[in-house]
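Readers should treat all values here as calculations from the given coordinates under stated rules, not as data from a laboratory. Since we're looking at a predicted model, the values are computed, not measured. Cβ: placed from backbone, ideal geometry, glycine included. Neighbour counts: every protein chain shown.
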């Protein structure tokens, strides 16, 4: 009996319990509202398919550490897992830990992979391999105070030039009202700065030549604008702000304009967290010299581990959760921002969303599929480039630092070629 109990404990820990001859699927995910939504549908999936599911949830860093540890050991019994396409996907793809989902999707009648927005599909595709199916998407948008704009008889800025002028006009530092707030911390700011960069016609590097473009005229103009907005019209301490600090400034009614991920809007709409819940509007990212070129990325996706012995069953799980009815539930009922165009176009798919929020996201559907440099050493690259942007925020010689950053970033590109 002791031996049986010991074996049972091992099976429970490994997720390998067998139910009437059927080994349970082991699904590993992140602590996130999208995972909570998926969890609610598991009983329905189990009833429809007869396949048992064991779902594990971890914090972001814990999840990546667990996946890396188990996959590196080569003996993991994980079947499907959640993944961040722009964070660790290139490392995982290089290690061949993903199953290519493109043929599985193509072989499933009615699934329609093309129904996912182009930017979300591009985000999860590496060297032609569809590493995962998009779950959570984010686009950079402009949050604004309706009451302050009305007081100053201002329209919602449609261009970055208009944003700068409006931010200057409404700034009242004596009364702690700032025209603009956004992330100013060196590494986190890269994601929000990216839309300024793209809208000026720049990018991190040339995709064809793999030459760094961090110090081009377009990049420098974007750095100058981003730095000016935060230095001249932003609150103190912006260099220490990632999104939780920036959204808190806006939610406390101390900023008029705020650019960040569209998925942050619920934090502002919650009266328990925000003093401006009923006065906040959201609009598409303002146009730069090259138009409104905001990022629109897949923040979380779900894929199949290449070492799984239950790939067919794992795909059934993913298909069930991400087909049109599945995404309609996750987005329409649970308010998670997903990527199926048909769901965004349906009343059921947007019923949990503020009207101008839904419009801003829809208008951002053709955004850029990355919000940071597409390299394996993404953390190192963000730190390097972020140093030049923070210099602009501080009013220092950011152009010289941008040239230095360009050379150091080029070394990363050469190293990974």
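Between helix 33-49 and the chain there is an angle of about 30 degrees, using the helix long axis and the longest principal axis of the Cα atoms.
Nearest 0.05, what FRET efficiency do residue 239 and residue 158 give at R0 = 41 Å with Cβ-Cβ as r? Mind showing how you got there, number by number?
On the way: r = 29 Å, r/R0 = 0.71.
Working from the Cβ atoms, E equals 0.90.
Relative to the current alpha-carbon distance between residue 47 and residue 345, full extension at 0.36 nm per residue lengthens the span by 104.3 nm. Any idea what angle helix 189-199 forms with the longest principal axis of the chain, computed on alpha-carbon atoms, 0 to 90 degrees, nearest 10? Its long axis makes an angle of about 70 degrees.
Full extension from residue 54 to residue 366: what is 0.36 nm times the residue separation minus their Cα-Cα distance, to one decimal in nm?
Working: separation 312, 0.36 × 312 = 112.32 nm, distance 3.59 nm.
Separation in residues times 0.36 nm, less the Cα-Cα distance, equals 108.7 nm.
For the chain, pairs of C-alpha atoms spaced more than 35 angstrom apart make up 32 percent of the total.
Between Rg and the Kirkwood Rh of region 346-417, both from Cα atoms, what is the Rg to Rh ratio?
Values: Rg = 18.4 Å, Rh = 15.1 Å.
Rounded to two decimals, Rg over Rh is 1.22.
A crude spin-label estimate for the pair residue 95 and residue 403, with each label 7 Å from Cα along the Cβ direction, gives 4.0 nm.
Quick one: if the Förster radius is 56 Å, what FRET efficiency do residue 324 and residue 175 give, using the C-beta to C-beta distance and rounding to 0.05?
My answer for the efficiency is 0.70.
Summary of packing: across the peptides 179-185, 154-160, 316-322, the per-residue average of other C-beta atoms within 10 Å ranks them, highest first, as 179-185, 316-322, 154-160.
Nearest 0.05, what FRET efficiency do residue 168 and residue 210 give at R0 = 35 Å with Cβ-Cβ as r? Efficiency, from the Cβ-Cβ distance: 0.35.
Once the Cα atoms of helix 160-170 and of the chain are each reduced to a long axis, what angle between those two axes, in degrees from 0 to 90 to the nearest 10, is obtained? For helix 160-170, the angle is close to 70 degrees. If you look at the Cα atoms of region 246-322, you get an Rg and a Dmax of 19.1, 54 Å. Mean residue ellipticity, 222 nm, helices only, the chain: the sum of -39500 (n - 2.57) across DSSP H runs of n ≥ 4, divided by residue count and rounded to 500, is -13000 deg cm²/dmol.
Can you give the extra length, in nm with one decimal, that the chain gains between residue 396 and residue 416 once fully stretched, where that is 0.36 nm per residue apart less the Cα-Cα distance? Please report the intermediate quantities before stating the final value.
Details: separation 20, 0.36 × 20 = 7.20 nm, distance 3.10 nm.
Answer, rounded to one decimal: 4.1 nm.
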